[in-house]
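Trainee: I'd like to ask you about the structure that follows.
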Amino acid sequence: MLSSCLKTLLDFTTWHTVSHTATLGSLKSKAKFQDDEAAANLASLVINSSHQKSAKFSGYLSLGCLLLGCLAVMGALATPAAHADSVLGVELSPAICKLNPYMGNLCQCIEGNPMTVNFYRVANQSCSNSRYSMSPLQENLTSKVIPDGNIRKNIWQQYGRCSGLSTGTYFRTITSLASQLKLPKELSSGRSYRFASSGLSRQLLSLNPGMKPNSFNFFCQKNSAGQSVLTYINVCYDNNGRFAQCATRSYACPSQFLIDGNY
């Protein structure tokens, strides 16, 4: 499409040169020189995007419109892939509870949950003053992925009311995404492992059809021995619940880290 546009642009420039030369007559040499110079400048602008020359006469207006059309095509072709509309945060609770003793009274730490959801953020939505309100049944279902009631309320206050969703729909979306997400068994084995980031990435991609290498980010925290411990995995989705490209890439973990499943 772009090559066709450029060909049309250069054809127009050639036609404009001939037409303008015939019209000006006695200024033929000068006009031809100006048109040739304009064509060269135009090609330079399209290819290098570095030089712009002012128009010499009114006929350049049409040429400029055609140029803008080509640039619009170029811009469309250069548009990056759409980024995620939402992000689900998965907490590796054994590591978090051990690394942060002040969190020891949270339900996931007391109950020994291997993994919990620590947030769900939906992009580009305005915030409302909607209050946190769920039925006892839904509270019970949501507690399987977010065990602590105060954490659920905090997640709603910080992220849920800015999601464009009702409380019920917001937390149903969380439980649905969390139940469909497949994580390597090592993360919930209750044991500790030394893992390569690339190896964990390959497992995630294998377990989750449709997931892309840039659909998730790892986050680590150092323990008292100076070892990097995996603490969070953020997973990115589009607005239809399919895996999507994360808007940013995190490099918060080294190439190798510890997965600590022991409480």
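The numbers here are math on the coordinates, done by the rules we state, and not lab data. If you're wondering where the values come from, they're calculated on a predicted model, not measured in any experiment. Here Cβ is always computed from backbone atoms with ideal geometry, including for glycine, and neighbour counts include all displayed protein chains.
Trainee: Going by what's in this entry, would VAL87 be described as under 25 Å from TYR193 (Cβ atoms) and outside any helix (DSSP H, G or I)?
Mentor: So VAL87 fails the test.
Trainee: Also, I was wondering about something else. Looking only at the stretch 172-202, which residues are more than 16 Å from THR231 (Cα to Cα) and either touching a Phe, Trp or Tyr at 6+ places or on another chain (Cβ under 8 Å) or of a type in the set (A, V, I, L, M) (or both)?
Mentor: Passing the criteria: THR173, ILE174, LEU177, ALA178, LEU181.
Trainee: Which residue is farthest from PRO94 (Cα to Cα), if the candidates are limited to the stretch 126-140 and must be of a type outside the set (Phe, Trp, Tyr) and surrounded by 15 or more Cβ atoms within 10 Å (Cβ to Cβ)?
Mentor: Applying the filter and picking the extreme gives SER130.
Trainee: Applying the selection to the stretch 167-185, what residues are over 24 Å from the mean Cα position of the chain (by Cα) and more than 21 Å from ILE233 (Cα to Cα)?
Mentor: Within the stretch 167-185, THR167, GLY168 qualify.
Trainee: Let me ask something else. Taking only the stretch 88-106 into account, find how many residues are free of Cβ contacts under 8 Å to residues at least 60 places away in the same chain and surrounded by 17 or more Cβ atoms within 10 Å (Cβ to Cβ).
Mentor: Within the stretch 88-106, residues that are free of Cβ contacts under 8 Å to residues at least 60 places away in the same chain and surrounded by 17 or more Cβ atoms within 10 Å (Cβ to Cβ) number 2.
Trainee: Regarding SER189, is this residue among the polar types (S, T, N, Q) and touching a residue at least 24 places away in the same chain (Cβ under 8 Å)?
Mentor: Spelling it out, SER189 is indeed among the polar types (S, T, N, Q) and touching a residue at least 24 places away in the same chain (Cβ under 8 Å).
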